[in-house]
Amino acid sequence: MQALTFITMGSKPEASKEIRDALVGNARARLLADCDDPDQLLADVLRLRPSAVIIILELENLEKEFVLIKQLAATCPETAIISAARDASPALILGSMRSGAREFIQLPIIADEFRTVIDRVVEFCAGVENSSRKNGRVIAVFSGKGGAGVSFFGTNLAAAMGVSTLLIDLNLQAGDAAFFLGLDTKYSLTDFVNNRARLDDSLMTSLVTTHSANLAVLAAPLEAHEAEDIKPQDVVEILHLLGQRYECIVLDLPHTFDPVTVAALDLADEILVVLTLDIPGIRSTKRALKVFDRLDYQRRKVHVVVNRWSKNIDVQLQKVEMHLGEQLIGFVPNDYRKVMDSINLGRPLVQADPSSKITAEIKRIAALVGGNGHPTSALPRKKLLGGMFNRQRPTAGLELSEMPDPA
Ligand SMILES: Nc1ncnc2c1ncn2[C@@H]1O[C@H](COP(=O)(O)OP(=O)(O)O)[C@@H](O)[C@H]1O
Ligand SMILES: [Mg+2]
């Protein structure tokens, strides 16, 4: 399940704060925007397509608010409308339900009731997803530690998807994904955000940079200071807009849990965590998995991929899996020379060297996450024994022999 996104509207600060606090206190909920004006609400809902809106009704404005609910229900049927009020009469509740609200929240909030409302929104969203899902698959590539190979793996994964794919570089301060693909980009996320009001098909096409038949890139801001201009809501909007145009979107993410990265992770269908098999790598992966648990991501959307894999790494993989509580779904071999050549020449290895072992493994992972099945259920478990770091026994190759040979 993805996190639920909310926009709230209310003109009384205390009531708005109460709703905000309740949302912030719920691990599944993300507040995208908070407004006090119906026009702003409509514009925000159209732009951000939240899972739900919460409208705090004011007795003196009821008729107008019912009209607003009707309007929202007609224009954004995929968003659940929830009304809330302090002095609720049966007529008020009935009126809001008849206008199109699905739930009602009585203020002050009772924690149990609020949880029930959130559960109902989850059910509603599951129904919407089953009936009308047209958006491309969003695959986020992440690592808790810099240098693990997120950009290398992410760019090659995007190039290996075999369907129309957009790579979005969300390393806002120092993105290099376009460089990895040998592209000199003129436009970036900044232009996308700055031209939000007039984005149409042709403008969107001109702001992404085409790499090859099935691959385009939306580059990170060209200047580091422009990173500040990009907000989590922008990422939500961009993913909604571009998700309708590509079968797959691959996100090259930074190594932090800043709000923009979390917004992107929230919307991802699959998260691939890139792990290098050293102690800092394993620790940072464990930390990241704990954050995903706190963000209430279902573990089935999270997959761990080993990068820079070598038979000579003296690690007991089963112990790593047990420690992380996650199966390792891929092993991208270590090949410094090939990888450096590919990066320096700006030619993704999966295209430049189709017969390499790195290519074979990345294509296999692309097929796993690009399909409809869940990667982990498609993989046989590997039989591995012993302690995690087997420094005493240089025979780990025996247990690791089922892994792809490093090039
Ligand atoms: N499979 C690999 N084999 C050898 N070296 C690799 C591999 N993957 C990445 N590297 C090296 O690691 C460096 C960092 O990779 P990069 O993708 O920029 O990491 P990140 O985006 O996680 O910071 C690359 O410059 C490359 O030299
Ligand atoms: Mg990177």
query: Any idea which of V250, L46, F152 is furthest toward the positive side of the dipole for the chain, if Lys and Arg beta-carbons carry +1 and Asp and Glu beta-carbons -1?
result: F152
task: Give me the aspartates and glutamates in straight-line cross-link reach of K290: C-alpha distance below 19 Å, same-chain residues under 8 apart excluded.
output: D258, D266, D269, E270, D278, E321, E326
- line: With the 1.4 Å probe rolled over protein heavy atoms, the range 4-132 has an accessible area per residue in Å² of 48
- request: Kyte-Doolittle cut-off -1.0, length cut-off 24 Å along the helix's own axis using Cα: show which whole DSSP H helices in the chain pass.
  value: 111-132
- line: Within the set K301, K12, K311, GNM on the chain using Cα springs under 10 Å gives the largest fluctuation to K12
- request: Just the number, please: percent antiparallel of the DSSP beta bridges in the chain, rounded to the nearest 5.
  value: 10
statement: With Cα springs under 10 Å, the Gaussian network model of the chain assigns the largest mean-square fluctuation among L31, L170, L94 to L94
query: Ignoring ligands, DNA and RNA, what percent of the 1.4 Å accessible area of the range 137-400 is carbon and sulfur?
result: 52
query: Given a 1.4 Å probe and every protein chain left where it sits, what share in percent of the accessible area of the range 4-132 is carbon and sulfur?
result: 53
message: Just to be sure I understand: with springs between alpha-carbon atoms less than 10 Å apart, which residue in S342, S96, S11 has the highest mean-square fluctuation in the Gaussian network model of the chain?
response: S11
- request: Please work out how much accessible surface D335 shows to a 1.4 Å probe, ignoring ligands, DNA and RNA, in Å² rounded to 10.
  value: 30
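The values are calculated or read from the model by the stated rules, or taken from the named source; none is laboratory data. Owing to the predicted nature of the structure, the values given are computational and were not obtained by experimental measurement. Note: ideal-geometry Cβ built from the backbone for every residue, glycine included; neighbour counts use all protein chains shown. Quick note on the areas: whole protein, heavy atoms, side chains included, nothing else; ligands and nucleic acids left out. Shrake-Rupley method; radii C 1.70, N 1.55, O 1.52, S 1.80 Å.
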